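The values are calculated or read from the model by the stated rules, or taken from the named source; none is laboratory data. Not measured: the values here are computed from a predicted model. All Cβ positions, glycine included, derive from the backbone under ideal geometry; neighbour counts span all protein chains shown. To get the accessible areas, we keep the full protein, side chains included, count just its heavy atoms, and leave off ligands, DNA and RNA. Shrake-Rupley method; radii C 1.70, N 1.55, O 1.52, S 1.80 Å.
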Amino acid sequence: MKTLFEIKQLNMNYPVTDGLLGNITGYIYALNNVNLEIYENEILGLVGESGSGKSTLGNCILKLLTPTSGEVLFKDVNILNKKKNDLKNFRKKAQLIFQNPYMSLDPRMKIYDILKEPFIVHGIKNKNEINEKIQKIIKLIGMTDEVLSRFPHEFSGGQRQRIAIARAIILNPEFIVADEPVSALDVSIQAQIVNLLLELKKHLNLTMLFISHDLSVIKYISDRIAVMYLGEIAEIAPKDTLFLNHKHPYTQALLNAVPVISEKKKTKKIFLPGEMPSVQNPPKGCKFHTRCPYVMDKCRIKPPDFYEITPGHKVRCFLCEQ
Ligand code: ATP
Ligand code: SF4
Ligand code: MG
């Protein structure tokens, strides 16, 4: 397996300011020393409760956010050090698909112009090349040319997400961060979009970081799965190992949790027993110790290492100390 991304010691602290003077009063520790590899041509699923840092990690990997410290190596080069022009090349190769296709497409633009925009941004002016590419991509997402002269509001959520996906892949990226790409869609449409992403992945040799609350979606699409808790990777393993032989008490709790559908947003949210600790003042020692049924004295004092218990299966828990 060839490594496409190597993420080293990544930290992201969002400053918290007081309203009036803008003085920094504290930090939200959204990512804590995250170390992670993403292999070429895999779909790595990223799961965890709301606020665990999934989107922050996805955005830092694409350098849409600048992390506080750490490295993001793409093909061995740290993209965090890249200057404007080099970064433009990287952006061509690494794209983001958002959760909400209603917000990610400009309502004033026709679909043709939405799909043409990435070419303009990257200085590609050859009209024939652009038109050929647009026609090819429209076919690939299962739509026809007649959609090109229409506006986003004329389409359903699923169709809009297809168009958003088309825009993300039109410049032949190698890597996609898909941040909850189906959570805002009706359940009946979700499977179609997930299958489309799987087909595109095969067809275009894509590597993907797929973020979701929904374990059934993650299980269906991923090759490996990383479980996040309070800004840390708690467990990572190949899919089957994670579902059949998980070791972290938090993974166990996630798998036992019944997802609750939020009526307002129509999205599933995971609710676990016990309160999520403050991200501004996270627990010392193991971050999960305030909710863990197996907590031991040492868990409250020092953080566990990330133990590799079998090749590719790592767990941040003293129960796996060898
Ligand atoms: P969700 O499942 O709800 O999308 P998430 O796992 O993607 O959650 P993040 O959005 O990465 O979590 O947020 C991690 C933490 O950082 C949260 O406590 C969140 O409130 C905080 N956070 C995220 N973005 C910002 C920001 N721009 N400024 C300040 N705090 C932020
Ligand atoms: Fe629970 Fe301790 Fe393992 Fe943390 S290290 S998950 S508190 S047993
Ligand atoms: Mg998020």
Taking the Cα centre of the stretch 82-190 as the origin, how large is its charge dipole in debye, to the nearest 20, when only Lys and Arg (+1) and Asp and Glu (-1) carry charge on their Cβ atoms?
580 debye
Hey, with R₀ at 30 Å, roughly what FRET efficiency would residue 6 and residue 256 work out to, going by the Cβ-Cβ distance, to 0.05?
0.40
Mind checking the dipole of the chain: about its Cα centre, +1 per Lys or Arg Cβ, -1 per Asp or Glu Cβ, Debye to the nearest 20?
560 debye
Normalised Cα Rg of the stretch 268-322, dividing by 2.2 N^0.38 Å with N its residue count, works out at 1.26
Out of 254, 288, 26 - ranked by how far each Cα lies towards the positive end of the dipole of the chain, with unit charges on the beta-carbon of charged residues - the top one is 26
Taking only C-alpha pairs under 8 Å that are 6+ residues apart, what is the relative contact order of the chain in percent?
20 percent
Surface accessible to a 1.4 Å probe, per residue, for the residues of the stretch 1-140, Å²:
54 Å²
Net dipole in debye of the stretch 130-285 [+1 Lys, Arg Cβ; -1 Asp, Glu Cβ; about Cα centre; nearest 20]:
40 debye
Residue by residue through the stretch 224-236, what is 3J(HN,Hα) from phi via Karplus (6.51 cos²θ - 1.76 cosθ + 1.60, θ = phi - 60°)? Round to whole Hz and write x for glycine and proline.
10, 9, 10, 9, 9, 9, 6, x, 10, 7, 7, 7, 9
Counting only protein heavy atoms, what percent of the accessible surface of the chain is carbon or sulfur at a 1.4 Å probe?
51 percent
Find how much the distance from residue 281 to residue 33 grows on full extension, using 0.36 nm per residue of separation minus their present alpha carbon separation; answer in nm with one decimal.
87.7 nm
Label residue 146 and residue 69 with points 7 Å out from Cα along Cα→Cβ: what is the distance between them in nm?
5.9 nm
Under the helix-only model (-39500 (n - 2.57) for each DSSP H run of 4 or more, divided by the residues of the chain), the mean residue ellipticity at 222 nm, to 500 deg cm²/dmol, is -9000 deg cm²/dmol
Calculate, in nm to one decimal, what residue 103 and residue 76 gain on full extension: separation in residues at 0.36 nm each, minus their alpha carbon distance.
6.3 nm
Report, for the chain, the % of DSSP beta bridges that are antiparallel, rounded to 5.
65 percent
Exposed-site-free run, longest, the chain (rule: GluC sites (Glu not before Pro); DSSP loop; at most 12 other C-beta within 10 Å)
1-262
How much length would be gained if the chain were fully extended between residue 203 and residue 132, taking 0.36 nm per residue of separation minus their Cα-Cα distance, in nm to one decimal?
23.8 nm
Per residue, how much accessible area does the stretch 171-322 show when a 1.4 Å probe rolls over the protein heavy atoms, in square angstrom?
49 Å²
Per q in 0.09 Å⁻¹, report the Debye log10 I(q)/I(0) for the chain, using one uniform scatterer on each alpha carbon and no solvent.
-0.50
Once the in-chain neighbours fewer than 8 apart are removed, the lysines whose Cα is under 18 Å from residue 93 read 2, 63, 75, 82, 83, 84, 116, 133, 201, 202
